[in-house]
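First up is the structure itself, then whatever we jot down about it.
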Amino acid sequence: MSKTYVEDINRNVYDIKNEDNYDYKIQKGLTREIVEEISKQKKDPDWMREIRLKALEAYNNLELPTWGPDLSELKMDEIATYVRPKTGMSNSWEDVPEDIRNTFDKLGIPESEKKSLAGVGAQYDSEVVYHNMKEELIKQGVIYTDMETAVREYPEIVKEHFMKCVPITDHKFVALHAAVWSGGSFVYIPKGVKLEMPLQSYFRLNSPESGQFEHTLIIVEEGASLHFIEGCSAPKYNKVNLHAGCVELYVKDNAYLRYSTIENWSKNMLNLNTKKAIIGKNAQVDWVTGSFGSKISMLYPLSVLNGEGAKTEYTGISFAGEGQNLDTGFKTIHNAPNTSSVVNSKSISKNGGKCTYRSLVKISENAKGSKCSVSCESLMLDDISISDTIPVNDVQTDEVEFSHEAKIGKISDKTIFYLMSRGLSEEDAKAMIVRGFAAPISNELPVEYAVEMNNLINLELEGAIG
Amino acid sequence: MSDNLLEINNLYLNAEEKEILKGINLKIKPGEIHVIMGPNGSGKTTTANAILNNLEYTKKSGNIVFEGEDISNLKTDEIARKGVFMSFQLPEEIPGISVTNFLKYAKNKMTGEPVKVFKFKEELKQYMEQLNMNPQNMERSLNVGFSGGEKKKNEILQMLVLNPKLAILDETDSGLDVDAIKTVSKGIEMFKNESNAVLIITHNNKILHNLKVDYVHVLVDGKIVATGNQELATIIENEGYGKYK
Amino acid sequence: MVNLNETPVRTCEHFKINNIKLENVLFPNEVEEFRNINISKVHSNVNIDSKTKKVKLAYGLSEILLEQINNNSNANINIEINSKTNNESKIEFKLDKDNLNLIDNIQITANENTKSTFIIKYESENNIEGYHNGIINVNAKKESEINIIVVNLLNEISNNFLAIENLIENNAKVNFTIIDFGGKNTISNYYSNLIGEKSESNLKTIYIGKENQILDLNYIDELRGAKSNANIEVQGVLKDNAKKNFKGTIDFKKGCKKAIGSENENCMLLSDTAKSLALPILLCSEEDVEGAHSTSCGKIGEKELFYIMSRGFDVKEAMKLMVRANFNGILESIKNEELKNQILEEIDKKID
């Protein structure tokens, strides 16, 4: 198993806590004054300040969801929504302060930048501390920068797209995001430009009792192609941290975007994230998502297939252990003829963890000739865990092919016996089956990330199986 | 210490409440090929599972000794690592794990030594050619979507790679056409030497047409009711199990 | 406006499936005795009386509808089964201009080791605006087996509400077959509590929705007993502007070791304005179980249609044949030939 069997990594890599050594940390809570102060600190143009204030109003008017995980432990009064690290943005690792650089070093970011990435962004708490991209891409007109720079330097493009794909009134945490957003990446791929290597943004939240609200805006013009990877992690604290990012993807006619995420937030994190793609004619968006961390996750990427022949695929795995409630899934809306979607979701629950697959497939009246197939598989590793599947399938026209399948169960004793008869211990046998179960997802990831994912699985399984 | 590789001594065994094995005795020496024949439900597969201590079954009395050591209560993987291999009647499918990776991992567990990738792949390729297997199967998920014949050949491939001291072949010949049975017999011949042994479990004796065996045991209703040489198999083929029931 | 038929767990309200909201439905509160009931072929070991009994449901369609049953029911049927041989009984309700409103409360106790079959049929005269709110509450005691066929042939301007609830004990088996063809709004709930070891609940439904009919089916099996077994099989057809919400839940509760649950729903769409909404839920808090669900949806396969037409059938006939074929597996569980023929005729009428 050259790829899957690597030495166990030390969990400490993710748990390195740097001193909460910020340049500026806003007072906890969420008021008009706080939002205005963030806007001032960030030197927003007026239009952005207005969006923030409008979003705050929406936040105050919207209710918490009446479904899904219990969010009562989230107290906005105890969360600092903006923490500026003690450094500016730089395009050389040398200029990043040592403690922050060390963190990213240990997470392997500069290393993979050298080996296999076309560009890297790194965010620490509320601000991006590093952004760089290969020279030749700049010449081709590719833009890859932090959101603040984008607001400053490409105001027209940002104005046209920012919170236009995801409306600020979509749900309470999107409104929160729009009110206090900071950091994130802006990507613009010009017409016909196809990137061979991925771009990666990594988000690290270090400061306790704080939130991260990065905004990712990606525009892939006609016929262009991009693989974007986001990674995220945080050290564990006793009180909750909040992540409410927002990802807006515009994928124009005949373009392609693959969006991969390895999410490994610490287990005190509430991860209430929003991702949405608007997909043009014959264009395609593929989501690949591995959810391992966080205490509560609510995340359901949405693909809107607006152009005829548009396609989307979702490949996701979640792995919930003790104290975790991972409520994840996928939404897709077929809005044009001959569109297609494929969903392949897997989940693993152990040690009292809860995984929920929640989804929506909507095939609108004008989506004649569309196809959708959904497959969900859930694995229960013990009898104290929970695994739920809650998919909604809304079909509004007849000329469609729609199918949905889901299965739930445990690892079969017969399979374990078979592997043990080949010399594997029971633990090894179970771990092998779990890795095999997750393989369709790890196979979709670049090698380094597949290795990271398998390491995470190994970590999660350690001591859990017996 | 006796020179037996395997000894089963007066083994009684239950599946849940039902008694399946009712006093099995069997001794296998290195260099021998044994056959257990018997009608459906007589306890053949159970005997194989008992040797590898499948926890679906409960041993009531008696014991199983391998190379002088009582292995009755060892874990399945410990028994396997001592050199006992079983070819399954219905091999399990393991999605997401390729044949190559699986065997490399298992080989490493068996020998405790790192496996040299290039050499290993070459060895695997050779075995696969000899067993008329499609080399592309190497990268496919273990047994997933394999035909019945491919699964059985894959079991023989695993036997050759893991090179055990005792290979138990549970109905490896069933459901195979004449050519495939020949291939399986060839695999057994490739494996067999002076110091190892084979226990073949079958309900027909097609495989015996291509293979010379030392002992044939007839298992009926949880007991070995007759033991003989290859001729016994021919008698059974002609007359059936009627007289033992 | 009322909210009915809440799902056991909620999902995002934008998906519009957590419950069904109905406007302009009148819930009559002054009703006269319902006289057009026909109860036939009752075996001597099946006791029936018509005492009013208050019911409590673990699930049900809503408080309002349950209260109406408890306060205003106009047809009470209490059945106690002691028969060891399987005999068929029939209960037929027919709504007409003198019996517009039916509020029925059917309580069935299948005693230990008994076997029985019931056909419960709801029909209505054409052109009357009827109203039906009913409960069928079954307690299947140890080792009993009960088969119930519910046939809804109400007209398309009457409202139809039905809540079915089963408590299933050790080794008991409850088989329901539901034929849902009628009703302006047909809102039905099926809830089984599989409390017994090796208890079994099998629900098979066929539905047809046409014109502006709305169907909201909320089926829930809660598996609690070890080795319990629950199956939901639904086959349906929608045409014109009909709309269907299927909500099916298999819920493996802690302790139901080695339980098996499956659910399958298939919807054939015969028009491009029919709407099929499905929410097949699997909930699992136990490790050693096997659960599966599948739903599918689409129009009749062109190839099959062409094949049948090449044998001399016109489109309508070919469609009828395909629908019958899809329903056949479920119709086979109806042993009463007369009833089966009536259902087949209804299918043809509806598809025409």
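Readers should treat all values here as calculations from the given coordinates under stated rules, not as data from a laboratory. Fair warning: this is a prediction, and the values are worked out from it, not measured in the lab. A quick note on method: Cβ atoms are made from the backbone with ideal geometry, for glycine too, and the neighbour counts reach across all protein chains shown.
Compute the normalised compactness of segment C:303-352: alpha-carbon radius of gyration over 2.2 N^0.38 Å, N being the residue count.
On the way: Rg = 11.8 Å, N = 50, 2.2 N^0.38 = 9.7 Å.
The reported ratio for this selection is 1.22.
Modelled spin labels at A:Asn60 and C:Glu30, positioned 7 Å past Cα toward Cβ, are 5.1 nm from each other. Mean separation of Cα pairs under 8 Å and 6 or more residues apart, divided by the residue count, gives segment B:1-129 a relative contact order of 23 percent. What separates the Cα centres of segment A:181-219 and segment C:324-352 is a distance of 58 Å. Taking the number of Cβ atoms within 10 Å of each Cβ as an exposure proxy, the fewest-first ranking of A:Thr145, B:Thr76 is A:Thr145, B:Thr76. Placing a label point 7 Å from the Cα of B:Asp3 along the Cα-to-Cβ line, no residue of segment B:178-211 has its backbone N under 11 Å from it. Between A:Lys164 and A:Ser425, the simple label model (points 7 Å from Cα in the Cβ direction) yields a spacing of 5.8 nm. Between the listed residues C:Ser144, C:Asn78, C:Ile108, the Cα displaced farthest toward the positive end of the dipole of chain C, a dipole computed from Cβ unit charges relative to the Cα centre, is found at C:Ser144. Of all aspartates and glutamates in the structure, the ones whose alpha carbon falls short of 13 Å from that of A:Lys275, not counting any fewer than 8 places away in one chain, are A:Asp170, A:Glu214, A:Glu230, A:Glu248, A:Asp286.
Kindly state, to the nearest 0.05, the FRET efficiency for B:Lys59 paired with B:Glu17, given R0 = 22 Å and r defined as their beta-carbon distance. For B:Lys59 and B:Glu17, the calculated efficiency is 0.90.
Between the C-alpha center of segment B:4-33 and that of segment B:207-234 there is a gap of 15 Å. Here each label is just a point 7 Å from Cα along the line to Cβ, and for C:Arg10 and C:Glu129 those points are 3.3 nm apart.
Please report, to one decimal in angstroms, the Kirkwood hydrodynamic radius of the protein assembly as shown built from all distinct Cα-Cα pairs. Final number for the Kirkwood radius of the protein assembly as shown is 32.6 Å. For chain C, the alpha carbon convex hull comes to 134 Å³ per residue, rounded to a whole number.
For chain C, what's the relative contact order in percent, using C-alpha pairs closer than 8 Å and at least 6 residues apart?
Details: 970 pairs, mean separation 35.6, N = 352.
So the answer I get is 10 percent.
For chain B, the mean projected area of the C-alpha convex hull, equal to one quarter of the hull surface, is 13.1 nm².
Among A:Val451, B:Val144, A:Val158, C:Val234, which comes first, second and so on when ranked by fewest other beta-carbon atoms within 10 Å?
Values: A:Val451 19, B:Val144 16, A:Val158 22, C:Val234 25.
Ordered by Cβ neighbours within 10 Å, fewest first: B:Val144, A:Val451, A:Val158, C:Val234.
Residue by residue along A:431-441, Cβ atoms of other protein chains within 10 Å of the local Cβ number 4 on average.
Under a straight-distance cross-link criterion of Cα-Cα below 12 Å, which aspartates and glutamates are reachable from A:Lys331, leaving out those fewer than 8 residues away in the same chain? Filter leaves A:Glu313, A:Asp394. Here the contact order of chain A, divided by its residue count and restricted to Cα pairs under 8 Å and six or more residues apart, works out to 11 percent. Basic side chains Lys and Arg get +1 at the Cβ, acidic Asp and Glu get -1 at the Cβ, and with that the dipole of the protein assembly as shown about its Cα centre reaches some 1140 debye.
Based on Cα atoms of segment B:182-235, Rg over Rh with Rh as the Kirkwood radius reads 0.97.
Computed from the C-beta positions of C:Val55 and A:Glu78 and an R0 of 41 Å, the FRET efficiency is 0.30 to the nearest 0.05.
Just to check, using Stokes-Einstein with a Kirkwood Rh over alpha carbon pairs, what's the diffusion coefficient of segment A:16-412 at 10 °C and 1.306 mPa s in µm²/s? Estimated diffusion coefficient is 75 µm²/s. Tell me, what is the FRET efficiency for C:Ser44 and C:Lys258 to the nearest 0.05, using R0 = 56 angstrom and their Cβ-Cβ distance as r? Between C:Ser44 and C:Lys258 the formula returns 0.90. Counting only other chain Cβ atoms within 10 Å of each residue's Cβ, the peptide A:197-209 averages 0. In terms of surrounding Cβ atoms within a 10 Å radius of their Cβ, A:Trp265, A:Trp67 rank from fewest to most as A:Trp67, A:Trp265. Counting only aspartates and glutamates at least 8 places from C:Lys84 when in the same chain, those with an alpha carbon closer than 12 Å to its own are C:Glu112, C:Glu143, C:Glu145.
Rounded if a/c is under 1.5, else prolate if a/b beats b/c, else oblate: with a ≥ b ≥ c from the C-alpha gyration tensor eigenvalues square-rooted, which is segment A:329-466?
On the way: a/c = 2.59, a/b = 2.20, b/c = 1.18.
Prolate shape, in that a/c is at least 1.5 and a/b is the bigger ratio.
The loop-placed GluC sites (Glu not before Pro) in segment B:138-225, going by DSSP, that have at most 12 neighbouring Cβ atoms within 10 Å of their Cβ come out as B:Glu194. Which percent of the Cα-Cα distances in segment B:1-132 go past 21 Å? So the portion of pairs separated by more than 21 Å is 52 percent.
Global size of segment A:413-466: 11.9, 33 Å for Rg and Dmax (C-alpha atoms, Rg to one decimal, Dmax whole). Consider all pairwise Cα distances in segment C:72-157 and report the whole-number % of them above 23 Å. Across segment C:72-157, Cα pairs with separations above 23 Å total 29 percent. Pairs over the 21 Å Cα-Cα cut-off, from the set B:Lys75/B:Lys151; A:Lys106/A:Lys239; A:Lys17/A:Lys239; A:Lys106/A:Lys346; B:Lys27/B:Lys223; B:Lys104/B:Lys152: B:Lys75/B:Lys151; A:Lys106/A:Lys239; A:Lys106/A:Lys346. The listed peptides C:23-35, A:71-83, B:91-103, ordered by packing as a protection proxy, come out as B:91-103, A:71-83, C:23-35 (highest mean of other Cβ atoms within 10 Å first).
Pairs B:Lys29/B:Lys119; B:Lys44/B:Lys192; B:Lys116/B:Lys206; B:Lys109/C:Lys254; A:Lys311/C:Lys204: which exceed 30 Å Cα-Cα? Display every interim value, and only then the final one.
Values: B:Lys29/B:Lys119 32 Å; B:Lys44/B:Lys192 22 Å; B:Lys116/B:Lys206 38 Å; B:Lys109/C:Lys254 37 Å; A:Lys311/C:Lys204 35 Å.
Violating the 30 Å Cα-Cα cut-off are B:Lys29/B:Lys119; B:Lys116/B:Lys206; B:Lys109/C:Lys254; A:Lys311/C:Lys204.
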